[in-house]
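What follows is a set of notes on a single structure, which appears directly below.
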Amino acid sequence: MALDAEARIQYISPVLAPHVSVAQQASSAEFSLEDNDVEVAAGLSGVYMTNGAASPGDNDEEMETVDADGGEEEEEEEDGVVDRVVPREALESVFDGVPAYAAGSVEEAFEKVLALFVKKPLGADDDNEEDEDDEEEEADEDVDVQMIAILQYSSLWDADFDLSDYIVAGAPYGGALALYRDENKLQAYRGPAQAKGGIDIYSSAGTLIRRIPWDKGSIRGLGWSEDEKLLVITEDGTVRCYYDLQGDFTQFTLGNDAETIGVVECRFWSTGFVALLTNNRLISVSRYDEPRPRLLADPTPHIPANSRIHSWELVPPSYTLSRHVEVFISTGATILIVDATEVQDQLLQNGPFVHIAVSPNGKYVALCTAEGKVWVIKADFQDKLSEYDTEMGAGQLPRAMEWCGNDSVVLAWADEVHMIGPQGAALRHYYDGWVHLIPEIDGIRLISTEKCEFLQKVPDVTEEIFKIGATSPASILLDAVDQIERKSPKADDNIQLIRSQLPEAVDACVKAAGHEFSQHWQKQLLKAASFGKSVLELYSSDEFVEMCETLRVLNAVRFYDVGMPITYEQYQRLTPDKLITRLTSRQQHLLALRVSEYLRLPTDKIHIHWACQKVRHSQDDEDLICRTVVAKLTGLRGISFEEIARTAYDEGRGRLATQLLNHEPRAGRQVPLLLSMAEDEIALDKAIESGDTDLVFYVLLLLKKKLPLAAFFRLINDRPVAASLIEASARETDPELLKDFYYADDRRSDGAHVVLRDALAQKELAAKIEKTKLAAKLLADSKEHALESRSLDESARLLQMQEVFEKDLAGERFAGESVNETVFRLIRMGYNSRANKVKSEFKIPEKRFWWLKLRALVAKRDWGEIEEWGRTKKSPIGWEPFFNECLSAGNTKAAANFIPKCTNLAPADRMDMWVRCGLVVKAGEEAFRAKDVNALEVLRTKATGVHALEIERLLKQLRPGK
C-alpha cells in the first residue's frame, strides 16, 4: 500500500519542526519562572497532540494525491487494500521549494525516495530493478538496509563562516557542538575579538551557547562525555573537565610523562579517554570524577624503526573481554591491539590504514587503506564482511571515517560524503562546503555551514509501514485513518481485514510515531493507533500514552531555539532526568520545569540551578536578589538554600550568602557553609539551636583546629552547651585540653584534679614529681585550697625522697607509697637514720613514729632491738602496744617483759596479760599483791601441778584462819 505523494515527501524530507509553544516561551525566559504562562497538554487533544502545530485536518488539501495531469488519481482496490501509483511528475512538483538532503537536485532526491521504498541496496542502479534469480535474492537478503537523511536544522552559520578552519566535537545524544580554531591552518585576520583564542559551544541549530576563553596552550584533545561534560586536553597533559556549559570546570593532569614528553592527540568514550604521547605511549583515564591516569602497555617495540603510527582508535571497556579499554594502532602494514598489560600484533599485510573506526556496539571495525579502499571486518580481525573502493586513489583519501549506527560507514571529504552499506553498496552526498561527522548510537549527524542532517537506517517498523506496496497490518491501519478523514466506508473494510492482527498494528504505529521527526506523521500514526485501540475490547493504553508524552517532550527540545535533535532511541538511553539536566545547563529553565512537571519528575534541581544562575549573573542589588529567590522558592519541596548560598559565596557575595542561609531549614546544611565563610559564631549558634550534639561536636572540633586555644575558649565560655560538651569529651579523650579549659575558666581545683590524675597515671617517677608539683602550684594561690596545695607539695617532696631511696637502695621500689609505709619499710630494712630523716622532714608525730617502729621491728622479728628499746623509761604510746604486738607475733617471753611496765593498768588487766602469756603463778602473785581472793580462786582452777600448789599457798596466806 502506498500513501499519497506529497505526504510521502513530507515524510522522507522533513523540514524544521513547526512552532512549539513550550520551547518558544521557555527560550524567551532568561531567569524568570513567572513569565507568560505556558500551556502544556497532559496528553492528547482528541487522538493527537496539541503542541502548537497545525492539526492534520488543516492539511487535507495538501494530502490529496495528484496524477500527472493534475487531477485526482484513480484508486484501485485489490483484496480490500488501496494501492496508489505515485507519478514521477508529482514527486518532482512536491520537491519545489523543499530543502533537499543531498546535492539539491530533484533527480537525486527522487532516487533517495525510491531507495527508501524499493527493495534494493542503497546506491544500486535503476537498471537493476528487475527481478534477480533466487540465488542473488538470497545473497542480497542480508544487505537490504534502507537509509534516510533527515534535515534537522538549516542556516546554522553565516555564509562567510568556514567550518574547515575549526576542530569540531559533538556531544552524544544530540548534544552541543564545541568549535576550536585549528592551529595547523592559516586563517585570515578577523579583528581583535576573533583573534583571541576560545572554545565556542553551539547547539546543533547553530545557536551560540557559551564562548569559553582559552589561553592555556595548544589543544590536543577536544571531546565530550556521555553526560555532556566537555574535555579539553592540552599538549602538556593538563585536562580540564567543563561540567556544565557555562564555563565551570575541574582540572587534573596526566602526570609527569605527559608534561615532559607531550600529548599528540586523544580519543574519547562515554566515561573516559586515551591520550597518545609523542613517544607513542598511551595513557588512559577511565573516570572523570576520580581521574587516575594509567599507562597502557608499551607498543614501541612492535613499531618498525622506519614506520610510525598512521591512525588509531579505541574500544570502550564495556565491549572488550578484559573490561579494560583497548586501542587499535595502525603501524606499518599491520594493526596492534594494546591494552593495560600486553600488545598483540594482528599480523595483517594490507596496511597502512589511514583511518580506523569501531562500530558503536564494538563488534565491527572499519579500516581505510592508503589506496582509498574501505574494509569492514569483525572486531576479532578474523572475517572480512565487505570492501568498498572510493575510486579516488591515494591522492584523495577521506578526511574522516565514522560509523552510522551499526549498519553503515560514512566517509567524509571536504564537500562530499559516502555512506557505505553492506556488501560495499554506497550512497554519495554532495555539499557546498566543509562537512563534520558526529557519530551517534543510531546514526550520524552531518554538520555543515548550511544545515545539520541526521543519517540513519530506516527503522524496521517504519519501513514496514511506508515502503511501496506495503501490506502490513500497521500500514493498512494507517490507510484506514486516511479513509476516515475522507469519510470513506473502506475504513471499516480495512479494519475487518486486519482484525486478528490489530493489537500488533497498534503497537507498530505507536513505535513508528516515536521514530518520526515530522510532527504531521507523528500525529497521523498516533491517530491510527488511537483508532485501532478504540476498536479493541481489551488493550492497555500505557505505551500509547507514554509515547504521546515522550513525543511532546522530544518536539519541544528539537525546536531550533533549544537545538537538541535527539531521537527516540537516544532519548531512551539518555533518560528524562539527564535530558532535563541538559536543558538547565543551556539556561532553558522554564522548558526544563514544564517538562519535569509534565513527566511528573522532581523539579527541585531546576529551581536550585535557576537560583544559582540568578545569583551569578544578575546585576540587581543583593537584597533584591535574595527577596526574588526566596519568594519563588519558598514552600517548594526539596529546595536547599545552602547550595544557592554556596554559589553566592563562591561569587564573592558573602552577605547575600548569609541572607540566603537564614532561609535554610536544615542546620546540617547551614553549618558547613557558615564555617567555610568564617562565620564561626553563627555556625556554632546554629548547631546549638539544632539540638544535634553530633553537629555541635563537629563544629567544635573544626573550630579547635582553626582557632588559637585562647580564642576557642573565649568562644565557648558564653555558650554553656558547647562548654559542657567540650568538658565531657575532653575528660575522656583529651586531658591536656581539659586542663587548659579549666585554667582558662579559672577553675584551679578542677584543673589540679586533672593534673593529679595524670600524675598518678605516669609510670616515670620524674614525671610524677613534675605533675604533682604542677598540681600544687595550681592550688597555691587559692586560700580555699591551701590544705590541698600543702598536701600536694608534701607529696612531691616525698616522691623526691623516694626517688633518692630507690637510687641508693638498688632493687627497692618506694614510689607511690605513703609516708607511713616509707618509714615502716626503712625501719624494717634497718635504715633507721633514713627513717628518722623522713620523720623530721614530714614532722611525723612521736606516737605515730613509735607505732611504725614497733610494728616494723616486730615484722622484722628483731626481739633484741625491741628489748633494748623497751629499757626506755617512758613510752609515748605506753607499753601495752609492745605487749600486744609481741604477743601477736607469738613471742610470749618478749611480751611478758612489758607487763610490769604497764603500771597504769588495773591489777585485773595485768593478771589477764600474765595468763595470756601462760604465766599463771605470775598472775597469782599479782592477785596476791592486790589481795584479790576471788581472782586467786579463779586462777586455782586454771593452774595445774606445781602452779596449783603455789596458788594454794598464796590463798592460805590471805586466809590464815582457814
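Annotations
- None of 582, 594, 600, 573 is without any contact (Cβ under 8 Å) to a residue 12 or more places away in the chain, closer than 18 Å to residue 550 by Cα and not β-branched (Val, Ile, Thr) except 600.
- Within segment 371-392, being touching a residue at least 24 places away in the same chain (Cβ under 8 Å) and at positive phi holds for 372, 381.
- Reported count of residues in segment 218-276, each being part of a loop (DSSP other than H, G, I, E, B) and of a type in the set (Val, Ile, Thr), is 1.
- Residue that is of a type outside the set (D, E, K, R), out of contact with any helix residue (DSSP H, G or I) (no Cβ under 7 Å at 6 or more places or on another chain) and over 14 Å from residue 916 (Cα atoms), where the choices are 870, 864, 890: 864
- Number of the exception - residue 230 against (1) crowded, with 17+ Cβ neighbours inside 10 Å; (2) in contact with a Pro (Cβ under 9 Å, 6 or more places away or on another chain); (3) not aromatic (Phe, Trp, Tyr): (2)
- Options 204, 311, 284: the member that is part of a loop (DSSP other than H, G, I, E, B), hydroxyl-bearing (Ser, Thr, Tyr) and in contact (Cβ under 8 Å) with a residue 12 or more places away in the chain: 204
- Scanning segment 457-474 for residues that are assigned to a loop (DSSP other than H, G, I, E, B), under 26 Å from residue 440 (Cβ atoms) and at pLDDT 90 or above yields 458, 459.
- Residue in segment 923-942 that is at positive phi and at pLDDT 80 or above present: no
- With respect to the stated conditions, residue 582 fails to be modelled with pLDDT under 90 and either assigned to a helix (DSSP H, G or I) or of a type in the set (Gly, Ala, Ser) (or both).
- Wholly within segment 863-962, helices (runs of 4 or more DSSP H) carrying at least 2 residues that are acidic (Asp, Glu): 863-870, 880-888, 907-916, 920-929, 946-958
- Filter result for residue 689 (at pLDDT below 90 and under 22 Å from residue 613 (Cα atoms)): no
- Number of positions in segment 691-744 that are surrounded by fewer than 16 Cβ atoms within 10 Å (Cβ to Cβ), within 22 Å of residue 675 (Cα to Cα) and touching a Lys or Arg at 6+ places or on another chain (Cβ under 8 Å): 0
- Residue 336 fulfils the conditions (1) closer than 24 Å to residue 421 by Cβ; (2) not in a loop (DSSP other than H, G, I, E, B) except for a single criterion, (1).
- Filter pass, residue 321 being surrounded by fewer than 16 Cβ atoms within 10 Å (Cβ to Cβ), of a type in the set (A, V, I, L, M) and under 34 Å from the mean Cα position of the chain (by Cα): yes
- Pairing residues of segment 327-344 that are in the same structural domain as residue 313 (by TED's automatic domain parsing) and under 15 Å from residue 367 (Cβ atoms) with residues that are part of a strand (DSSP E or B) and among the acidic types (Asp, Glu), at Cβ distances under 7 Å and at least 6 apart in sequence or on separate chains, gives 328/313; 334/345; 336/345; 337/326.
- For segment 257-281, the tally of residues that are without any contact (Cβ under 8 Å) to a residue 24 or more places away in the chain and within 27 Å of the chain's Cα centre (by Cα) stands at 0.
- Screening residue 683 against (1) assigned to a loop (DSSP other than H, G, I, E, B); (2) of a type in the set (A, V, I, L, M); (3) surrounded by 21 or more Cβ atoms within 10 Å (Cβ to Cβ) leaves a single unmet condition, (1).
- Top-ranked residue in segment 318-332 [being touching a Ser or Thr at 6+ places or on another chain (Cβ under 6 Å) and outside any loop (DSSP other than H, G, I, E, B); ranked as farthest from residue 285 (Cα to Cα)]: 331
- Restricting segment 486-543 to residues that are in a loop (DSSP other than H, G, I, E, B) and among the acidic types (Asp, Glu), the residue that is surrounded by the fewest Cβ atoms within 10 Å (Cβ to Cβ): 537
- Residue count for segment 447-478, restricted to those that are surrounded by fewer than 24 Cβ atoms within 10 Å (Cβ to Cβ), farther than 22 Å from residue 565 by Cβ and in contact (Cβ under 8 Å) with a residue 60 or more places away in the chain: 5
Yes/no per residue for (1) at pLDDT 90 or above; (2) of a type outside the set (Ser, Thr, Tyr); (3) within 43 Å of the chain's Cα centre (by Cα); (4) assigned to a loop (DSSP other than H, G, I, E, B):
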position: 391; (1), (2), (3), (4): no, yes, no, yes
position: 398; (1), (2), (3), (4): yes, yes, yes, yes
position: 409; (1), (2), (3), (4): yes, yes, yes, no
position: 417; (1), (2), (3), (4): yes, yes, yes, no
position: 428; (1), (2), (3), (4): no, yes, no, no
position: 434; (1), (2), (3), (4): no, yes, yes, yes
position: 437; (1), (2), (3), (4): yes, yes, yes, no
position: 445; (1), (2), (3), (4): yes, yes, yes, no
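- Of all residues in segment 477-484, none satisfies being under 44 Å from the mean Cα position of the chain (by Cα) and of a type in the set (A, V, I, L, M).
The values are calculated or read from the model by the stated rules, or taken from the named source; none is laboratory data. Since we're looking at a predicted model, the values are computed, not measured. Methodologically, a virtual Cβ is constructed for each residue, glycine included, from the backbone with ideal geometry; neighbour enumeration extends over all protein chains shown.
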